[in-house]
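Below: the structure, in structure tokens.
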Amino acid sequence: EVKIEVVIPEKERSKEEMSPNGKASPMIYKVNGTARHYHLEEHPIASNHYHNPKDMVEASVCHIKDLENGQMREVDLGCGKALLIKDSGEFHAVGHKCPHYGAPLVKGVLSKGRVRCPWHGACFNIGTGDIEDFPGLDSLPRFQVKIEKEKVYIRASKQALQTQRRTKMMAKCISLSNYNLSSTNVLIIGAGAAGLVCAETLRQEGFSDRIVMCTMDRHLPYDRPKLSKSMDSHPEQIALRPKEFFCTYDIEVLTEMQVAAVDIKSKIAVFKDGFNMEYNKLLIATGNTPKALSCKGKEMENVFNIRTPEDANRVVKLATSKNVVIVGASFLGMEVAAYLAERAHSVSLVELEEVPFKKFFGERVGRAVMKMFESNRVKFYMQTEVSELREQEGKLKEVVLKSGKVLRADVCVVGVGAVPATGFLKQSGINIDSKGFIVVNKMMQTNIPGVFAAGDAVTFPLALRNNKKVNVPHWQMAHMHGRIAALNMLAHGTEISTIPYLWTAMFGKSIRYAGHGEGFDDVVIQGDLDELKFVAFYTKSDEVVAVASMNYDPIVSKVAEVLAAGRTIRKRDVE
């Protein structure tokens, strides 16, 4: 074990290298008088790269001619599987399952030295196993490949074959005990995907100063999409990282803490309870706040916005064998309807549009999805709104629609959209647009130096749509925003160029989607909508701007790779 401890002489500390509390930032140190940044292998953490020989397994998996260039094969090493890839004449071996939700990567898309997951679009470098696009936090394990007598052998650790995931090496904080409690080098407001990926990326890049995340939630970061897709999940089941992870890598999380204001001149975040925290770099990743109903009775018991695991769990409990009304055929509303359809006595869905998802997936796909819901006992009340919620003995009893229809209801779930949670920034001087979104550039920087923003609360230039400023409130994008923000806190100058990728799951079926279809003027559909086996290409003028599919993998990942390579897909190419 080699440990390096670097102490910077007092006179060599420049102002830029200071943490806000006046202590030298350990991020930069001097070697022979020249400033240098830590690289992970130089970082003062002992890490054992040598596997126990008893843990290693080696197996012959195929003949060198069994795989053509650009081919992938799942191979069995006896105690676990690996993904063998032949690319540009070279063999590579990595984990065979996507660490996000376990998708078989052999069914994914291989392109330009990386493999893209067929389910949710995460990308992994085939040479290193490193994650290059999201969702998910972990990389793939990489295995040693050797060629002997025209046979391909893989040598791997049994543990890696079993876990199928690898957490990148990370730095730790140097001497936390020296810190003043009310100051931090990096403050992250919000503990969703963007905030967590930002903190992890800083540590992966060798940043060893203090990182504090704060959240209004009572839990450590969790997999928020599961709240509407798997509603009876408990917080510990959907945690993105265990509690020990945050302790190990010195990422401090302040739960149930709300920031009330940010003073950009003094670099201070003011909390609702009066506590102040000084920062050097700031990430705002507060996400959004669900819109409430504006009708009479909206404050009543048993009316829910699903914001936390407790909300989701309570809705499932109250809805079982009872009457449920869902307001809004949004992603959240539709996923909740699908989840409760088997459990509730009745599920009614109220929506202003004539077809669910019309603006997002188009009318034909929307109708096909609606038909699937109706065959699963979900009743739709379209082109109407709620005018009143009525109670009996303090509890919800009926939902009255503007059409005059009265629906029996024991539980009501509201999914009518959301607004960015940026009200606390109104007087801050940080640039916010007319809808409340924080405006950032391609490096996730706001108009204020040292202040970054990420996730659902921002608009950013989307390369795919000629750098048009867009808001993409989806899980994968929040991950990527957090990574880009972290790299630019460290002055890497990295610009965002990812292709948006999202999915929704209902009745055991998934719709996958890539691109940004806002303002599409036509939809080209291949396959069979009635059978729910189709691919839909969304076009604007003559160009494909987005794609959606059901039971047609890995087409969405294929299109995402083509778009990521900067290539244009024309309407005639898909007709």
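For a quick check of your reading of the model, give me the residue pairs whose first member lies in region 544-568 and is touching a residue at least 60 places away in the same chain (Cβ under 8 Å), whose second is open to solvent by 40 Å² or more (accessible area, probe 1.4 Å) and part of a helix (DSSP H, G or I), with beta-carbon atoms closer than 8 Å and at least 6 apart or on different chains. Every condition considered, the pairs that remain are Asp553/Lys107; Pro554/Lys107.
Restricting to region 110-131, what's the tally of residues that are touching a strand residue (DSSP E or B) at 6+ places or on another chain (Cβ under 8 Å) and open to solvent by 10 Å² or more (accessible area, probe 1.4 Å)? Write out each step before concluding.
To start, the set of residues in region 110-131 that are touching a strand residue (DSSP E or B) at 6+ places or on another chain (Cβ under 8 Å) comprises 110, 113-131.
Next, only the ones that are open to solvent by 10 Å² or more (accessible area, probe 1.4 Å) stay: 110, 113-114, 119-120, 125, 127-128, 130-131.
Count: 10.
Among the residues of region 526-538, is any buried (at least 17 other Cβ atoms within 10 Å of the Cβ), among the acidic types (Asp, Glu) and out of contact with any Phe, Trp or Tyr (no Cβ under 9 Å at 6 or more places or on another chain)? Looking through region 526-538, none of the residues is buried (at least 17 other Cβ atoms within 10 Å of the Cβ), among the acidic types (Asp, Glu) and out of contact with any Phe, Trp or Tyr (no Cβ under 9 Å at 6 or more places or on another chain). crowded, with 16+ Cβ neighbours inside 10 Å and assigned to a helix (DSSP H, G or I), is that true of Ala505? It is false that Ala505 is crowded, with 16+ Cβ neighbours inside 10 Å and assigned to a helix (DSSP H, G or I). With a requirement of 2 or more residues that are of a type in the set (Lys, Arg) and modelled with pLDDT of 95 or more, the strands (runs of 3 or more DSSP E) lying completely within region 442-496 that satisfy it span 468-470. Of Ile432, Ile484, all but one fail to be touching a Lys or Arg at 6+ places or on another chain (Cβ under 9 Å) and crowded, with 23+ Cβ neighbours inside 10 Å; the exception is Ile484.
If you scan region 132-168, which residues turn out to be assigned to a strand (DSSP E or B), over 26 Å from Thr494 (Cα atoms) and open to solvent by 50 Å² or more (accessible area, probe 1.4 Å)? Result: Gln144, Lys146, Ile147, Glu148, Lys151, Tyr153, Arg155. Only strands (runs of 3 or more DSSP E) whose full extent lies in region 255-371 are considered here, and none of them has at least 2 residues that are open to solvent by 60 Å² or more (accessible area, probe 1.4 Å) and more than 30 Å from Val439 (Cα to Cα).
The values are calculated or read from the model by the stated rules, or taken from the named source; none is laboratory data. Everything numeric here is computed off the predicted structure, so don't read it as measured data. For neighbour counting, all protein chains shown are included, and Cβ atoms are generated from backbone atoms with ideal geometry for every residue, glycine included. The protein model used for the area step is the full one, side chains on, heavy atoms only, and it has no ligands, DNA or RNA in it. Shrake-Rupley method; radii C 1.70, N 1.55, O 1.52, S 1.80 Å.
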